[in-house]
Amino acid sequence: MGLVDEVARKAAVLWVAAPGRDPVPAWPVWRDGATYLLTGPGEQELPGLADASECTVIARSADTGGRVATWHAAVAGVERDSDEWRQVVPALTAGRLNGHPDWTTAVVLRLTPVA
C-alpha cells in the first residue's frame, strides 16, 4: 500500500463514497496507516459512511484534478474518549474555519485501506 500511504498522507482533500453513493469531498487526517474523518451535524456531510462497513476513497491531483489513486477501505467508528480518539481529534480540529464541533454528536471514522 505504498502509493496509498504516500498519496493519503499528502492529501488535503479525499473523495469518499459509501456503497451506492456518489463520492463527496472529505477533509482527512492520515495517521498510522489509516484516514480519519470527522462528521456529524454541523460537520462535513459524508452520506451513508458512518453506517457503512466499507467505502471507496479517491485521491485527485491538486494540480490537474485528475485521479491519482483509488482504493477500498474498511470503515470503523472511533470510540469516543478512547486513546485513539484523543490522539486523532486535535489533528481533525486543527485549522478549522467553521468553529468547534458539537462533541455530543460528532463522529470520528477510521478508513483503513484493504487489499
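The values are calculated or read from the model by the stated rules, or taken from the named source; none is laboratory data. Just so we're clear, the structure is a prediction, and the values are computed from it rather than from any experiment. Glycine gets a Cβ as well: all are built from the backbone with ideal geometry, and neighbour counts include every protein chain shown.
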Looking across region 20-41 at residues that are surrounded by fewer than 16 Cβ atoms within 10 Å (Cβ to Cβ) and touching a Ser or Thr at 6+ places or on another chain (Cβ under 8 Å), the single one that is nearest to Arg80 (Cα to Cα) is Pro41
Note: among Val68, Val57, Val107, Val13, just one is of a type in the set (A, V, I, L, M) and modelled with pLDDT of 95 or more, namely Val57
Let me confirm something: among Ala8, Ala52, which residue is in a helix (DSSP H, G or I) and closer than 21 Å to Val107 by Cα? Ala8
Within region 66-80, residues surrounded by fewer than 19 Cβ atoms within 10 Å (Cβ to Cβ) and under 17 Å from Arg9 (Cα atoms) come out as Arg67, Val68, Ala69, Thr70, His72
Under 9 Å between Cβ atoms, which residue pairs at least 6 apart in sequence (or on different chains) link something in region 1-23 that is over 13 Å from Arg60 (Cα atoms) with a partner that is hydroxyl-bearing (Ser, Thr, Tyr)? Ala17/Thr56; Ala18/Thr56; Pro19/Ser53; Pro19/Thr56
